[in-house]
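Novice: First the structure, which I've put down as structure tokens, then a few questions once you've had a look.
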Amino acid sequence: MQERSFAAKIRKLFSAHDMTQGAPWKRILEFAVPMLIGNLAQQLYNTADSIIVGRYVGDNALAAVGSASPILNLLLALFVGVSTGVGILVAQRFGAKDREQLSVVIGNCISLCAMVSLATMVIGVAITRPMLTLLRTPDSIIDWCADYLIIYFLGIAGFAYYNILSGVLRGMGDSFSALLFLLIAAGLNVGLDIWFVAGLGLGVAGVALATVLSQAISALFCLWKMMRMRDVFDLKLSYIRPRMTPIMNIIRIGLPSGVTQAIFSSAMMIVQSLTNSFGEMVIACNVIVMRVDGFAMMPNFTFGQTMTTYTGQNIGARRIDRVRQGAVQGTLIAVGFSAVLTGLILLFGRQLMGLFTETEELIVLAMRMMSILAVGYIAVSITQSLSGVMRGAGDTMTPMWISLITSVILRVPAAYGLAYLTRSEEYPNGRPEALFFSMLISWTIGMIITIVAYRFGKWRGRVAQEEAAAA
């Protein structure tokens, strides 16, 4: 009997979860914790790349990987949009128990992902070298940057399908399977990194190759899992064949999120040009801080995604009362997680920075910059949670506009303005702290705008319509 009970619990972990029943905070935590661990594994991809390349190749190679990131993130914004659109539609169809439309959405996301992958591969390879030149990438690292990006773009399908298919699984409440597959791929990525870089001496190119192969394997695992979920939806050729209406719905809902990511990445590229002007030491410092920043941001993005799925399912089931309860409870949990993790990062910051480099000057510089950002993570946790609620209700435009305001209209001028105001004989291009104070300013103002949008925004009109329909 106990063996059966244990087996049933294991099966439940790997099945779809209905978030329209039970205490909201419990459903949110059940869904968020596996995703948080999964996001930790996802962050290990880039972190392992940076640690291994920094240790085995040097600080300039570490700077090369970081300088490539803004260009990479700009083109990956397409998949963020598709993944968001698919996740919201899947959550709503799953919550409404609409098997036919759920199957259509999932099938069309597979065909749409193939088209977007092909376009990104062609465009990415073509613009890599011109974009690196435009960003004033130092000659000492530009070839490494180009190698990293070209290999990544040639293998983009693995990244694309993992993110899209794991978004489908999460939309149905199954964050555990996506976590397991990602953990396997993360472990493989670390092993391949060490083999390709330390063993075969492939340098920055070996890091990119290891990541591409690991992502492809995690995508195959997701597809295998979905093919075994016949009790929830049907995965037939007739559903995979592209249909205009579901594809346009995915694009309509997901495009604002994709544009948001593209805006953020574009702003990062503009700021990267300023970063490059400070020289290799500050570039490498920025890479280290952003890698640690990725861990600090994990609870924020995790609960943002969780609230999108939770809200989408409850909107589909017309459980509007649960949407409001979950918004409050989910945001409080997110703030708590973020505060604890930020405290740990500050407490053990020097040890974390020391994983990337043995250069003491670089460790001290990175720790100083990280201290500037610390307060802002609480603000971001509130922004992400409430934005997740709005996206789950179908309002993806408001978070997009908030991101536009904070990332471009506020952050970019603030970075350049602070750099200009802090110019001196010692710092002819300004103090590097300008890069991080500008982020703190934009995060804080973004939180204030998001709270106002949540309290009075148009997403509430959608909720009111569902309440009227339910009545």
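Novice: Report whether or not Ser371 is part of a helix (DSSP H, G or I) and open to solvent by less than 10 Å² (accessible area, probe 1.4 Å).
Specialist: no
Novice: Next question, about the same structure. Could you check the range 179-189 and list, in sequence order, the residues that are surrounded by fewer than 19 Cβ atoms within 10 Å (Cβ to Cβ) and in contact with a Leu (Cβ under 7 Å, 6 or more places away or on another chain)?
Specialist: Matches in the range 179-189: none.
Novice: Here's something else I'd like to know. What's the number of the only condition in (1) open to solvent by 30 Å² or more (accessible area, probe 1.4 Å); (2) touching a helix residue (DSSP H, G or I) at 6+ places or on another chain (Cβ under 6 Å) that Asp143 fails to meet?
Specialist: Here Asp143 meets the rest and fails (2).
Novice: Just to check your reading of the model, which residue among Ala77, Ala68 is under 22 Å from Met131 (Cα atoms), modelled with pLDDT under 75 and touching a Gly at 6+ places or on another chain (Cβ under 6 Å)?
Specialist: Just one listed residue meets the conditions, Ala77.
Novice: Would you mind finding the one in Leu180, Leu188 that is aliphatic (A, V, I, L, M) and over 19 Å from the mean Cα position of the chain (by Cα)?
Specialist: Of Leu180, Leu188, the one residue that is aliphatic (A, V, I, L, M) and over 19 Å from the mean Cα position of the chain (by Cα) is Leu188.
Novice: Taking the range 379-432, which residues are under 21 Å from Arg170 (Cα atoms) and either outside any helix (DSSP H, G or I) or open to solvent by 50 Å² or more (accessible area, probe 1.4 Å) (or both)?
Specialist: If the condition is that a residue be under 21 Å from Arg170 (Cα atoms) and either outside any helix (DSSP H, G or I) or open to solvent by 50 Å² or more (accessible area, probe 1.4 Å) (or both), then Ala393, Gly394, Asp395, Thr396 are the ones that fit.
Novice: Sticking with this structure for a sec: Please verify whether the range 222-245 includes one or more residues that are at pLDDT 80 or above, among the hydrophobic types (A, V, I, L, M, F, W, C), within 20 Å of the chain's Cα centre (by Cα) and buried (at least 19 other Cβ atoms within 10 Å of the Cβ).
Specialist: Looking for residues that are at pLDDT 80 or above, among the hydrophobic types (A, V, I, L, M, F, W, C), within 20 Å of the chain's Cα centre (by Cα) and buried (at least 19 other Cβ atoms within 10 Å of the Cβ), one finds at least one in the range 222-245, hence yes.
Novice: Looking at Ala317, Ala262, Ala267, Ala327, can you tell me which residue is modelled with pLDDT under 85 and either aromatic (Phe, Trp, Tyr) or open to solvent by less than 10 Å² (accessible area, probe 1.4 Å) (or both)?
Specialist: Ala267
Novice: Given the conditions (1) more than 14 Å from Arg391 (Cβ to Cβ); (2) of a type outside the set (A, V, I, L, M); (3) modelled with pLDDT under 80, and given that Phe278 satisfies all but one, which numbered condition is not satisfied?
Specialist: (3)
Novice: Considering only residues that are within 17 Å of Trp25 (Cβ to Cβ), open to solvent by less than 20 Å² (accessible area, probe 1.4 Å) and in contact (Cβ under 8 Å) with a residue 60 or more places away in the chain, which ones fall in the range 330-356?
Specialist: Residue satisfying the conditions is Gly330 alone.
Novice: Find all pairs meeting these conditions: Cβ atoms under 7 angstrom apart; at least six residues apart or on different chains; first residue within the range 301-322 and on the phi > 0 side of the Ramachandran plot; second residue open to solvent by 10 Å² or more (accessible area, probe 1.4 Å).
Specialist: Arg318/Glu466; Arg318/Ala469; Arg318/Ala470
Novice: Does Leu135 satisfy being over 30 Å from Ile247 (Cβ atoms) and at pLDDT 85 or above?
Specialist: no
Novice: For the range 194-209, which residues satisfy the criterion of being farther than 11 Å from Tyr148 by Cα and buried (at least 22 other Cβ atoms within 10 Å of the Cβ)?
Specialist: Once the filter is applied, which keeps residues that are farther than 11 Å from Tyr148 by Cα and buried (at least 22 other Cβ atoms within 10 Å of the Cβ), the range 194-209 yields only Val197.
Novice: Quick check on the range 90-110. Is at least one of its residues under 21 Å from Gly258 (Cβ atoms), touching a helix residue (DSSP H, G or I) at 6+ places or on another chain (Cβ under 8 Å) and surrounded by fewer than 20 Cβ atoms within 10 Å (Cβ to Cβ)?
Specialist: Yes, some residue in the range 90-110 is under 21 Å from Gly258 (Cβ atoms), touching a helix residue (DSSP H, G or I) at 6+ places or on another chain (Cβ under 8 Å) and surrounded by fewer than 20 Cβ atoms within 10 Å (Cβ to Cβ).
Novice: Testing Thr308 on (1) open to solvent by less than 10 Å² (accessible area, probe 1.4 Å); (2) modelled with pLDDT of 85 or more; (3) under 17 Å from the mean Cα position of the chain (by Cα), one condition comes back false. Which one is that?
Specialist: (1)
Novice: State yes or no: is Met281 open to solvent by less than 10 Å² (accessible area, probe 1.4 Å) and closer than 27 Å to Gly58 by Cβ?
Specialist: No.
Novice: If you don't mind, another one. Exactly one condition in (1) in contact with a His (Cβ under 6 Å, 6 or more places away or on another chain); (2) part of a helix (DSSP H, G or I) is false for Ala119; which is it?
Specialist: Unmet condition: (1).
Novice: From the list Gly155, Gly167, which one is closer than 19 Å to Ser83 by Cα and at pLDDT 85 or above?
Specialist: When all the criteria are applied, what remains is Gly155.
The values are calculated or read from the model by the stated rules, or taken from the named source; none is laboratory data. Everything quoted here is computed from the prediction, not taken from an experiment. As a convention, Cβ positions derive from the backbone with ideal geometry for all residues, glycine included, and neighbour counts pool all protein chains shown. Note: accessible area is taken over every heavy atom of the protein model, side chains too, but ligands, DNA and RNA are not part of it. Shrake-Rupley method; radii C 1.70, N 1.55, O 1.52, S 1.80 Å.
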